[in-house]
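Notes to accompany the following structure.
No value in this document is a laboratory result; all are computed from the given coordinates. Only a predicted model underlies this, so the values are computations on that prediction, with no experimental measurement involved. Reconstructed Cβ throughout: ideal geometry from the backbone, glycine too, with neighbour counts over all protein chains shown.
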Amino acid sequence: MNLDNIKILLQDISQFEILEIIDNSAKHKGHTGVENSSTMLTHVELRILNKNNLNKIDIHRTIHKKLDSVFKFGLHSLEIKISNR
């Protein structure tokens, strides 16, 4: 799994625009919970633009639902930063 896979999984969500996807996995190498991960991609930061003024909870739910398979594959942490403009 890589950042391109995440972008593909999220690209059809029209309520927001993906501004940036950042792999922060190297910053967390050796941390508890990720040492046995089946992937090198364990920590991701997602920066999005909230185009339709959705509430943050709905945005988080939508993203987590879309990325369920990525979490099952070894993603340990997803930080979502939401901008309204």
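Roughly what % of DSSP beta bridges within the chain run antiparallel, to the nearest 5?
50 percent
Rank SER14, SER69, SER25 by mean-square fluctuation in a GNM of the chain with C-alpha springs under 10 angstrom and give only the top-ranked residue.
Evaluated over the chain, the most mobile residue of the options is SER14.
Quick one: if the Förster radius is 22 Å, what FRET efficiency do ASN84 and ILE21 give, using the C-beta to C-beta distance and rounding to 0.05?
E(calc), rounded to 0.05, equals 0.70.
Could you tell me how many degrees, from 0 to 90 and to the nearest 10, lie between the Cα long axis of helix 56-66 and the main elongation axis, the longest principal axis, of the Cα atoms of the chain?
That helix lies at roughly 50 degrees to the long axis.
Helix-derived [θ] at 222 nm for the chain: sum -39500 (n - 2.57) over DSSP H runs of at least 4, divide by residue count, nearest 500?
About -8000 deg cm²/dmol.
Could you check the spin-label model distance between LYS72 and ASP58? Points 7 Å from the Cα along Cα→Cβ, value in nm.
2.7 nm
Packing-wise, with mean Cβ within 10 Å as the measure, how do 61-68, 49-56 rank, highest first?
61-68, 49-56
I'd like to know which of THR42, ILE22, ASN53 lies farthest towards the positive end of the charge dipole of the chain, counting +1 on Cβ of Lys and Arg and -1 on Cβ of Asp and Glu.
Toward the positive end, the furthest listed residue is ASN53.
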